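Read the figures in this text as sums done on the coordinates, not as results from a lab. Predicted model, so just to flag it, every value in this text is computed and none were measured. Methodologically, a virtual Cβ is constructed for each residue, glycine included, from the backbone with ideal geometry; neighbour enumeration extends over all protein chains shown.
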Amino acid sequence: MRTLLTLSLFFCLSFSMMAQDIVLPAPQRSGGKPLLDAINERQSIKDPAETPIDLQTLSDLLWAAYGFNREDRRVVPSPLNKQELFVYVVLKEGIYLYDAKANKLFEKVKGDHRTIAGKQDYVYVAPVNFLYVVDKSKETGTGAYISCGCAAQDVYLVCASKGLACAVRTGIDKDAVHKLLKFNAQHEVIAGQTIGNKK
Ligand SMILES: Cc1cc2nc3c(=O)[nH]c(=O)nc-3n(C[C@H](O)[C@H](O)[C@H](O)COP(=O)(O)O)c2cc1C
């Protein structure tokens with residue numbers, strides 16, 4: 001009996017410690033506002049509501065940031081197609097790594113760590129923050145900043161199209177992110193982007 005109890009406790013504990021990855025719905029790859037209207041409405045809005053963003057919208061935003069629009073090529077350009085970026089997603093529930101091929105978010109850290117996503121109050125209450133991370137071992141130099149800018153602009157335009165609040169940021173405690181996400185020396189966060197519903 002005691003062995004049975006110990007075993008069930010072990011399985012309960014292991015289950016509760018298991019990563020809670022998130023399967024995303026397929027992104028919507030057409031529709032939305034006309035491109036020129038979205039460009040015309042793009043702006044930084046730095047007082048997002050705290051209300052959550054639904055999974056379909058999150059999937060659409062991630063695809064616009066760093067999804068694939070051809071077999072092995074992304075929606076954003078990169079030097080020699082090196083695809084040197086990673087997109088991490090900071091939610092209230094935890095921090096996740098976006099895998100565009102699997103269309104999944106892989107849990108990296110559990111819990112609310114929104115304070116490491118930036119240095120301003122609006123970051124800490126927003127439902128979604130993206131962190132753009134470069135893999136410097138791919139030796140793309142300043143190219144990574146250009147890829148990141150393209151990704152961030154795509155997200156801005158989808159936010160303009162969907163009527164969401166959005167702001168890109170470089171004000172981040174890089175060391176805190178590095179430590180929490182256990183980066184190796186080649187990984188560096190270069191920008192963040194805060195997304196939420198408008199108030
Ligand atoms: C490279 C870059 C870094 C930025 N860093 C921050 C930041 O750390 N914090 C912030 O609140 N906004 C940041 N912003 C957003 C700017 O404040 C914003 O783009 C600017 O005020 C112009 O407003 P607009 O985007 O609505 O045109 C940044 C923008 C860029 C392009």
Once you have a ≥ b ≥ c as the square roots of the Cα gyration tensor eigenvalues for the stretch 19-197, tell me rounded if a/c is under 1.5, and otherwise prolate or oblate according to whether a/b is larger than b/c. rounded
Based on DSSP H assignment, which helices of the chain show an axial Cα extent of at least 18 Å together with a mean Kyte-Doolittle hydropathy greater than or equal to -1.0? 2-17, 143-162
Just order 156-166, 33-43 by mean Cβ neighbour count inside 10 Å, highest at the front, would you? 156-166, 33-43
With unit charges on the beta carbon (Lys/Arg positive, Asp/Glu negative), name the residue among 31, 160, 78 whose Cα is farthest towards the positive pole of the charge dipole of the stretch 19-197. 78
Quick shape check on the stretch 13-102: root eigenvalues a ≥ b ≥ c of the Cα gyration tensor, a/c under 1.5 is rounded, otherwise prolate if a/b tops b/c, else oblate, and it reads oblate
